Amino acid sequence: MPVNVEKELSQSWKRLHGAQAEIGKTFYRWRQVALEFAGDEVAPLDVSLRAAEIFGKDISKSFLPRLNWLKGEEGFMLILGKALAGIWNTDGAIAKVEKGDNPGEIFIKCSRDPWPTWAKEFGVPMEEVALCRERMYQSILEDVGAFMNIPLKVEMQKAISRGQGETVMRLYKA
Amino acid sequence: MAKTLFEWDYSGFPGAEKYPHLFKPIQLGNLMVPNRVKYAATEENLNAHDGFVTDAGVAYMRERAKGVVGGLCFMQGVYMDEKRQGQGYVGQAAAWDDKFIPGLKRIADALHEERAVAGFQLMDCGRVGAVEVDYCHGPSAVPQRLRIFKPVQEMTRDDIKAVVQQHVDAARRGVEAGFDVMEISGIVGYLISNFISSYTNRRTDEYGGDIRGRMRAVVEIIEGVKAACGPDIPVGIRLCSEELLDDVRGNTIEESMESYKISEEAGVDYISCTLGWQESIYPVISRDIPMGNWIHLAKRAKEHVKVPIQMAYRLFKPGLPNEKIGAGELDFWEICRSMIADPLMPKKVLEGKEEEVRHCVACNLCLARLFRDAPMTCYINPVCAHESDPEFTDPPAAEEEKEVMIVGAGPAGLECAYMAASRGHEVHVYDKRDVIGGTLNEAKNAPYGDDELWTCIEYQKVMCEKAGVEFHLGTEVTEALIEEEVPDTVVLATGPVYPEIESAAKNSDKVVNLLDVMSGKAEVGEKVVIWGNRKPGIGCALHLAKQGKKVTIVGKERTAGFDINPSFKWRYMIYMRQSGIVAYNDCDIVEVTEEGVTVQTYDGVRWQVACDTIVVSERATNDNLKKVVQSEGIELFVVGDALIPRNLSSAVHDGYRIGMRV
Ligand SMILES: Cc1cc2nc3c(=O)[nH]c(=O)nc-3n(C[C@H](O)[C@H](O)[C@H](O)COP(=O)(O)OP(=O)(O)OC[C@H]3O[C@@H](n4cnc5c(N)ncnc54)[C@H](O)[C@@H]3O)c2cc1C
Ligand SMILES: Cc1cc2nc3c(=O)[nH]c(=O)nc-3n(C[C@H](O)[C@H](O)[C@H](O)COP(=O)(O)O)c2cc1C
């Protein structure tokens, strides 16, 4: 039977997007569970930020085997930035990296982010989305920094709600 | 005058004439060692999980002691802390209390009974430790690069003092147990090397900073251990000569050499030259690294220190160490995996029986097992870790002599043949090929060291000849032949069958067999699809990629090379990437067309891959001849790939075990 390329591609594309949507929904469903158990005294933002930290700690474990200082500072920062953008892209974003003004600075720019839409579905404030991403990245960078003995920081410079426009994050050697 | 423990006279032995430098004495501290052979310390996970020595561990060591023919024989590194942070392996021997001394003494006694020099090793596994607890310890809390290891707790000054004392106390216990040489292990990322390396030691107190600061704890350990051992027991250290950690800013070579000099100043009597780390991205001891690749590091070490230098690392054959010792570039031939594969290896060399050595194939299964908390086994040596079981070491003679027909002279058939014959059976091996070796005739043509697999056949051939096995090469065994011969027992070692691609009927001229490709018989186009993503398919893919072909692998396993053990598999994945080989895993070929093949994922997504040739490397169980054997009422065994397509190791282990039973 000849392969119908259009059919095969659209089928795979649908499956991928379905799976990506589940990433966000699963996170926010678990957020609800955690809040129920945590009770009223705990601020939802604190719960989400702690989750972001734990995610970051685990993700960093897959970063460490691949880090290579032999590529020089600029190469190292670029690869690191691309790896951070890659996590976002896996979820369905379009994130790219740009070199900054010096070898120790990289910008991650995201022009399509599915997270604010998912958050809205679950009534989660937009602010939380941006703070969680920043916290997750920072948590990854803590381990990367400790591993390489270089202090690394990330800051959210521009966060656009509901995924329109461009979100900008700065990754730099502190 | 230096002390001699046992008198050994090697004159008259062919090996001592052929390799004179290996069998001449050398002084270590105040001890005279009769030769230059050392069985290097080897964890084997054979001890009880509370650190006590077992019968299996003692028997394992006794065999290796026979092998060193008077040389150094080291037991595995012991951990020394009750909290078990320094314990790297579930079956690692312990020495944190006097209660362990009687067990350790059993090992020392066994080594002495074989007239070997007994070596004791102190090994706190540092950031590779804590196999039974939540945190390991180290000079600084540098995150782990490899997921399997536990998080590191930074040691306080008091912790460091305690660890120094633990080394001293454990050394005293080793001496009381009767050991003759003491060794501190600073190998591959264990605690000593964690202190020395700029990668893992970020301390700003007196135990960190420059290389002298980073060596402070090591110097305190050396001095303490020396004092505990007294003048008659030489103390050595295993030290990294090149960490291969430049990518994470580890030590420079100059710093490593400085660590050698500082250890010598602190009083060590010898240094064992090691290299690499568990966390290094560079391979050091897998089969793709040629034998002798690292020997120049011993020479460099000798240029920096005066104490004797010992070294292992892919020195699997005696020629090179003999030459280098003769040239003054090495003092001791250390051996680890070659004596896992054949405990009597140096003894056979001495006795002029080199062709009887069962050679290690550097697959690193031994290591992979340790990291999976399993007792060590050897890919190629079925007796390894069964040394305490006489059924394995000395299989009983056959109760009645049988005529055994073995069909297939591949590794499974040959292994079975010599074992059965040595137990008193009349054994006939048939193969339709004109040569022995089975599929290894083709497998050995795969790149990155697979030619070493053939050493297994060389060994088996000699063993078969010694045991009086009769060969009938160029003879296909048919139903008629079995009915004519009616042997008492048939062992089918016929290898796998290679299934057909059903949908290829119309375009079958494109389809070739893996073995024909590997032997150069088949014509292969520029674009190739290999069906099957286990090691044979990968070996073939790399072989073709080296000829400049564009290769795609399509296979049903979830990951390519799942049959290669994890300590070696990562090398193949890198070679595949570097060769531009694309692997579609969890997939199958559902159609062969004029242009190529249609590939389908497990969940039904399909696409086309253009190719000129399709190579079949998928294998299946071989049921040929089973029925006729059974219908004639003949005892039947099936071994190796014929039973279930697997690998050389299963072939050898199956063959040996059936050879023991038949
Ligand atoms: C390219 C390639 C790479 C490989 N790489 C590795 C590797 O890295 N590591 C590893 O462990 N394994 C590897 N293998 C697999 C390994 O070669 C096999 O698993 C092993 O040879 C199986 O041994 P065996 O004795 O069971 O069968 P075989 O070696 O297949 O031997 C079977 C023999 O039986 C004979 N025979 C069959 N039928 C008859 C009959 N009717 N009459 C007479 N003779 C008969 C055949 O001619 C053959 O000689 C590789 C294989 C290939 C092809
Ligand atoms: C299974 C296994 C266990 C080992 N255990 C130890 C050990 O306890 N202490 C140590 O210093 N080195 C240990 N090593 C390292 C070896 O002693 C040796 O240096 C290394 O394997 C390289 O030598 P080879 O190529 O002869 O195997 C081990 C190696 C292997 C393969």
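The values are calculated or read from the model by the stated rules, or taken from the named source; none is laboratory data. From a predicted model like this one, the values you see are computed outputs, not experimental measurements. For neighbour counting, all protein chains shown are included, and Cβ atoms are generated from backbone atoms with ideal geometry for every residue, glycine included. Ligands, DNA and RNA are stripped out before the accessible areas are found, and what is left, the full protein with its side chains, is counted by its heavy atoms. Shrake-Rupley method; radii C 1.70, N 1.55, O 1.52, S 1.80 Å.
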- Task: For segment B:604-623 and segment B:209-240, write down the distance between their C-alpha centroids in whole Å.
- Result: 58 Å
- Item | Phi to ³J(HN,Hα) by Karplus 6.51 cos²θ - 1.76 cosθ + 1.60 over segment B:214-222, Hz, x for Gly, Pro | 5, 8, 4, 4, 5, 4, 4, 5, 4
- Pick out, from A:124, A:86, A:141, the residue whose Cα sits farthest towards the positive end of the charge dipole of segment A:5-173, with +1 on the Cβ of Lys and Arg and -1 on the Cβ of Asp and Glu. A:86
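What fraction, in whole percent, of alpha-carbon pairs in chain B exceed 35 Å separation? Before the final figure, lay out the partial values.
Values: 102756 of 218791 pairs.
Here the long-distance tail beyond 35 Å is 47 percent of all Cα pairs in chain B.
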- Provide the three semi-axes, in whole Å and in decreasing order, of the ellipsoid equivalent to the protein assembly as shown as defined by the square roots of 5 times the Cα gyration tensor eigenvalues. 47, 43, 23
- Message: Suppose each label sits 7 Å from its Cα in the direction of the beta carbon; what would the residue B:97-residue B:50 distance come out to in nanometres?
- Response: 0.8 nm
- Item | DSSP bridge orientation in the protein assembly as shown - percent antiparallel, rounded to nearest 5 | 30 percent
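With the Cα gyration tensor of segment A:1-65 giving a ≥ b ≥ c as the square roots of its eigenvalues, does the rule (a/c under 1.5 for rounded; else a/b larger than b/c for prolate; else oblate) give rounded, prolate or oblate?
On the way: a/c = 5.66, a/b = 2.04, b/c = 2.78.
Cα axes put segment A:1-65 in the oblate bin.
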- Once normalised by the length of chain B, the mean sequence separation of its alpha carbon contacts under 8 Å that are 6 or more apart gives a contact order in percent of 11 percent
- Note on the structure: Computed over segment B:505-616, the distribution of all Cα-Cα distances in 10 Å bins, rounded to whole %, is 15, 50, 31, 4, 0
- Message: Can you tell me the length gained on complete extension of the stretch residue B:620 to residue B:397, counting 0.36 nm per residue apart and subtracting the Cα distance?
- Response: 76.8 nm
- Item | Dipole magnitude of chain B about its Cα centre (Cβ charges: Lys, Arg +1; Asp, Glu -1), debye to nearest 20 | 1980 debye
- Query: Along the Cα-to-Cβ line of residue B:610, 7 Å from the Cα, sits a label point; which residues in segment B:586-602 have backbone N less than 16 Å from it?
  - Reply: B:593-599
- Message: Keeping all protein chains in the complex and leaving out DNA, RNA and ligands, what accessible area do you get for residue B:333 with a 1.4 Å probe, in Å² to the nearest 10?
- Response: 0 Å²
- Paired Rg and Dmax values of segment A:5-173, which use every Cα atom, in angstrom: 16.9, 55
- Find the relative contact order for segment B:21-390 and round it to a whole percent, using C-alpha pairs within less than 8 Å whose residues are 6+ positions apart. 18 percent
- How large is the charge dipole for the protein assembly as shown, taken about the Cα centre, if only the Cβ atoms of Lys, Arg (+1) and Asp, Glu (-1) carry charge, to the nearest 20 debye? 2520 debye
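For residue B:82 and residue B:574, FRET efficiency with R0 = 56 Å and r from the beta-carbon atoms, rounded to 0.05?
Working: r = 41 Å, r/R0 = 0.73.
That pair, residue B:574 with residue B:82, gives E of 0.85.
In nm, what is the difference between 0.36 nm times the number of residues separating residue B:351 and residue B:265 and their Cα-Cα distance? Can you show the working numbers first?
Details: separation 86, 0.36 × 86 = 30.96 nm, distance 3.94 nm.
Contour length minus the Cα-Cα distance gives 27.0 nm.
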- Efficiency of FRET from Cβ geometry, residue B:206 and residue A:42, R₀ 51 Å, rounded to 0.05: 0.70
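Can you classify segment B:21-390 as rounded, prolate or oblate using the Cα gyration tensor, where a ≥ b ≥ c are the square roots of its eigenvalues, rounded means a/c under 1.5, and otherwise it's prolate if a/b beats b/c and oblate if not?
Taking the square roots of the gyration eigenvalues as a ≥ b ≥ c, segment B:21-390 is rounded.
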- At a Förster distance of 60 Å, what's the computed FRET efficiency of residue B:635 paired with residue B:30, Cβ-Cβ distance as r, to 0.05? 0.50
- Query: In nanometres, what is the gap between the two model label sites at residue B:147 and residue B:516, each 7 Å from Cα along Cα-to-Cβ?
  - Reply: 4.2 nm
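Would you mind checking the pairs B:83/B:161; B:38/B:317; B:3/B:353; B:18/B:461; B:527/B:569 and listing those with alpha carbons more than 19 angstrom apart? Please report the intermediate quantities before stating the final value.
Details: B:83/B:161 15 Å; B:38/B:317 14 Å; B:3/B:353 31 Å; B:18/B:461 23 Å; B:527/B:569 25 Å.
In this structure, B:3/B:353; B:18/B:461; B:527/B:569 exceed 19 Å between Cα atoms.
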- Query: What list of ³J(HN,Hα) couplings, whole Hz, do you get for segment B:17-31 from phi and the Karplus terms 6.51, -1.76, 1.60, once you set θ to phi - 60° and write x for glycine and proline?
  - Reply: 6, 6, 10, x, 6, 6, 10, 10, x, 8, 9, 10, x, 9, 10
- Return the whole-Å distance between the Cα centroid of segment B:45-86 and the Cα centroid of segment B:117-188. 16 Å
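Please state the relative contact order of segment B:505-616 as a whole percent: Cα pairs under 8 Å, 6+ residues apart?
The normalised contact order for segment B:505-616 reaches 33 percent.
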- Message: If each residue of separation counts as 0.36 nm, what is the full-extension length gain between residue B:547 and residue B:486 once their alpha-carbon separation is subtracted?
- Response: 17.2 nm
- Counting only DSSP beta bridges fully inside segment B:505-616, the antiparallel percentage to nearest 5 is 40 percent
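When DSSP assigns beta bridges and you keep just the ones with both residues in chain B, what percent turn out antiparallel, to the nearest 5?
Values: 14 of 81 bridges.
Restricted to chain B, the bridges split so that about 15 percent are antiparallel.
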- Task: Could you check which residue among A:27, A:37, A:55 shows the biggest mean-square fluctuation in a GNM of chain A with a 10 Å Cα cutoff?
- Result: A:37
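More than 21 angstrom separation, counting every C-alpha pair in segment B:353-499; what % is that? Don't skip to the answer; put the middle values down first.
Details: 5466 of 10731 pairs.
Beyond 21 Å sits 51 percent of the P(r) for segment B:353-499.
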- For B:507-513, A:104-110, B:388-394, ranked highest to lowest by mean beta-carbon neighbours within 10 Å, the order is A:104-110, B:507-513, B:388-394
- Query: Over all Cα pairs of segment B:552-662, how is the pair count split among 10 Å bins, expressed in % and running from 0 up to the last occupied bin?
  - Reply: 11, 30, 29, 20, 10, 1
